[in-house]
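Notes follow once the structure below has been shown.
The values are calculated or read from the model by the stated rules, or taken from the named source; none is laboratory data. Source: prediction; values computed, not measured. Cβ sites come from the backbone with ideal geometry, for glycine too, and all protein chains shown count toward neighbours. Just the protein is used for accessible areas: all its heavy atoms, side chains included, with ligands, DNA and RNA removed. Shrake-Rupley method; radii C 1.70, N 1.55, O 1.52, S 1.80 Å.
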Amino acid sequence: MANLTSTSGFLLLEFSPVRELQVLHFFLFLALYLIIIMGNLLIIVVIVLDHRLHIPMYFFLMNLAISDIGSVSVTLPKSMFNLLMNSTHISYFECVSQIFFFLVFECFDFTILIIMAHDRYVAICNPLQYELIMNEGACVQMTTIAWIASILYSGLHTAGTFSMNFCSNIVDQFFCEIPKLMKLSCSDLYLVEVGFLVFSYIIALGCFIFIIKTYVRIFTTVLKIPSKQGQHKALSTCLPHLLVVSLYLFSATFVYATPHSNISPDLDLVFAVIYTILPSLLNPFIYSLRNKEIQTALQKLLTLKHLYGTVPRFVLQR
């Protein structure tokens with residue numbers, strides 16, 4: 001079986017052998033997918049059309065929304081297609097593509113969240129230097145570096161994963177996932193990917209410590225603000241971001257950094273659905289429902305005021 005996966009592909013884990021439940025899962029995934037796409041697209045459109053939102057915080061939020069759309073589009077459509085066709089098959093090329101693009105978007109999500117933490121730190125702890133530090137060129141440069149680093153990181157992991165020979169083509173997950181593919185390896189090359197993962201854990205731990213230290217400094221500064229209104233405004237922009245970071249880190253840690261030998265396949269499947277779908281689903285609600293600026297911009301968009309003018313070019317305001 002070692003060389004057959006390149007021609008026969010892989011067999012993914014099915015949600016249920018019962019046809020009625022497969023159809024139910026299809027419509028559930030379809031509803032979640034449409035909500036995620038529409039919610040994140042709405043954020044992108046609102047930020048692009050409203051010139052008052054052309055500031056670094058919303059520029060980064062727009063990139064996060066783009067990444068969330070890409071992340072769910074890598075896994076959910078193929079899963080929905082298999083549910084509809086009563087199939088579990090995924091081709092070798094599709095599996096490689098899933099691994100590569102999923103890691104690109106997930107790595108970028110994590111990186112942009114770190115950048116957003118730095119942005120909030122500068123805005124709250126060093127407001128007089130904010131326009132100088134977080135200027136348009138710096139924001140574009142940081143975002144570009146985040147995309148490039150994510151692509152290189154994903155390429156490294158993808159190459160390491162598919163350099164292995166597989167003794168089986170049965171993947172215990174509803175999409176191609178590196179830990180599950182490593183379990184199928186029948187060569188010592190899987191140790192190379194283990195090394196990549198250990199290195200990734202170390203980097204992620206360092207980034208997590210950086211985020212924690214950043215928010216400790218932010219909250220220390222916020223508590224010194226004499227105005228309660230000022231404290232509330234500062235916390236309203238930081239707490240949603242901290243919630244998203246925590247959700248992302250804890251869900252990813254469960255999947256990639258905890259042993260799964262004692263976890264039932266059904267529970268493992270549930271947590272995989274949570275960490276692949278929930279962050280992208282919650283981001284639009286977390287950032288928009290409690291954000292008055294986005295709410296105001298959304299109301300203007302819904303009243304079609306922007307349809308009578310030209311679409312402005314996205315330029316970060318200084």
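When only the Cβ of Lys, Arg, Asp and Glu is charged (+1, +1, -1, -1), the dipole of segment 170-220 relative to its Cα centre reaches about 340 debye. Using a Förster radius of 25 Å, what is the FRET efficiency between residue 221 and residue 145 based on their Cβ-Cβ separation? Nearest 0.05, please. Result of the calculation: an efficiency of 0.40. Between residue 89 and 12, the built amide H atoms are under 5 Å apart, and every one of these is 5 or more places off in sequence or on another chain. The charge dipole of segment 44-158, taken about its Cα centre with unit charges on the Cβ atoms of Lys, Arg (+1), Asp and Glu (-1) only, comes to about 120 debye.
A crude spin-label estimate for the pair residue 285 and residue 136, with each label 7 Å from Cα along the Cβ direction, gives 3.6 nm. If you take the Cα centroid of segment 7-53 and the Cα centroid of segment 95-143, the two points sit 25 Å apart.
Based on protein heavy atoms only, segment 130-212 ends up with 49 Å² per residue of surface accessible to a 1.4 Å probe.
Here the 3J(HN,Hα) profile of segment 38-54, calculated from phi with Karplus coefficients 6.51, -1.76 and 1.60 at θ = phi - 60°, is 5, x, 6, 4, 4, 4, 4, 5, 4, 5, 5, 7, 9, 5, 6, 9, 7 Hz, Gly and Pro shown as x. Nearest 0.05, what FRET efficiency do residue 183 and residue 205 give at R0 = 30 Å with Cβ-Cβ as r? Approximately 0.80, to the nearest 0.05.
Around the amide H of residue 174, modelled in the peptide plane, lie the amide H atoms of 13, all under 5 Å away and 5 or more residues distant in sequence or on another chain. Of the accessible area of segment 104-207, computed with a 1.4 Å probe over protein heavy atoms only, carbon and sulfur atoms account for 71 percent.
Rounded to whole numbers, the Karplus 3J(HN,Hα) couplings from phi for segment 150-162 are 5, 5, 5, 4, 5, x, 4, 5, 5, 5, x, 5, 8 Hz, using 6.51 cos²θ - 1.76 cosθ + 1.60 with θ = phi - 60°, and x at Gly and Pro.
Rounded to whole numbers, the Karplus 3J(HN,Hα) couplings from phi for segment 275-284 are 6, 8, 10, 4, x, 5, 6, 7, 3, x Hz, using 6.51 cos²θ - 1.76 cosθ + 1.60 with θ = phi - 60°, and x at Gly and Pro. Here the dipole of segment 135-230 is about 600 debye; that uses its Cα centre as origin and unit charges on the Cβ of Lys and Arg (positive) and Asp and Glu (negative). Simple rule: put +1 on each Lys or Arg Cβ and -1 on each Asp or Glu Cβ in segment 81-189, find the dipole, and look at 91, 157, 107; the Cα lying farthest toward the positive end is 91. Sorting 143-154, 124-135 by their mean Cβ neighbour count within 10 Å, with the most densely packed peptide first, gives 143-154, 124-135.
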